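Bear in mind that the values in this text are calculations on the coordinates, not laboratory data. Fair warning: this is a prediction, and the values are worked out from it, not measured in the lab. Cβ placement follows ideal geometry from the backbone for every residue including glycine, while neighbour counts extend to all protein chains displayed.
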Amino acid sequence: MVRILSVVLIACTVALIAWGLITAYDELMPAGRMWRTPVIKPHEHPIPVMAPGSVPVAGGEAFFHAAAAEDLKAPFDLAAPAVIADGKTAYGYYCVHCHGKNFDGYGTVGQSFAPTPRDLRDAKVQTMAEGTLFKEISFGIPGGRQPPLATTIAPDDRWRVIAFVKSLGQRD
């Protein structure tokens with residue numbers, strides 16, 4: 001019994017000494033632990049005033065989300081060859097992984113889905129309004145495989161992808 005009491009007393013003494021050393025380190029050293037460093041001094045400087053116009057109050061993704069699909073129009077000509085070429089490049093960055101190089105939904109990622117992603121040369125896609133395509137690319141298809149890409153792809157690049165997809169035409 002004396003042996004157990006001695007071990008407990010020694011453990012308590014070691015813990016008390018360790019606590020005292022840590023406390024002394026925090027109180028006496030010029031750069032204690034993280035919460036006591038001279039670098040971190042919250043509220044030391046006033047919060048700077050934001051420059052006028054730095055917070056957008058119009059446009060952006062909220063506009064696209066709130067707008068009806070039939071009201072959305074591309075900010076440039078979707079039939080322009082340069083726009084279609086840029087759309088092909090953007091398709092290669094963002095879409096080919098699921099929709100594939102043949103646009104049929106059998107990309108390296110898309111082929112593992114059941115059902116596979118939509119064939120982009122299908123009549124349903126090719127006859128779809130450009131605003132509807134924009135909303136599906138941007139905010140996904142509810143209950144479908146298309147993920148929302150509004151935070152991944154810039155709005156102009158989404159329009160360019162639509163121009164490229166529309167230029168493919170229907171599959172025979």
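Hey, got the dipole for the chain? About the Cα centre, +1 on K and R Cβ, -1 on D and E Cβ, debye to the nearest 20? Mind dumping the intermediate values first?
Numbers: 16 positive and 16 negative charges, 105 e Å.
With only Lys, Arg, Asp and Glu charged at Cβ, the dipole is about 500 debye.
Any idea what Rg and Dmax come out to for the stretch 67-168 if you just take the C-alpha atoms, in Å?
12.6, 36
For the stretch 115-123, take each phi angle, set θ = phi - 60°, evaluate the Karplus expression 6.51 cos²θ - 1.76 cosθ + 1.60, and give the result in whole Hz per residue in order, putting x for glycine and proline.
Each residue of the stretch 115-123 in turn: x, 5, x, 4, 6, 6, 9, 5, 4 Hz.
Considering all alpha-carbon pairs of the chain, what whole percent are spaced by more than 22 angstrom?
On the way: 9066 of 14706 pairs.
Considering the chain, 62 percent of its Cα-Cα pairs are separated by more than 22 Å.
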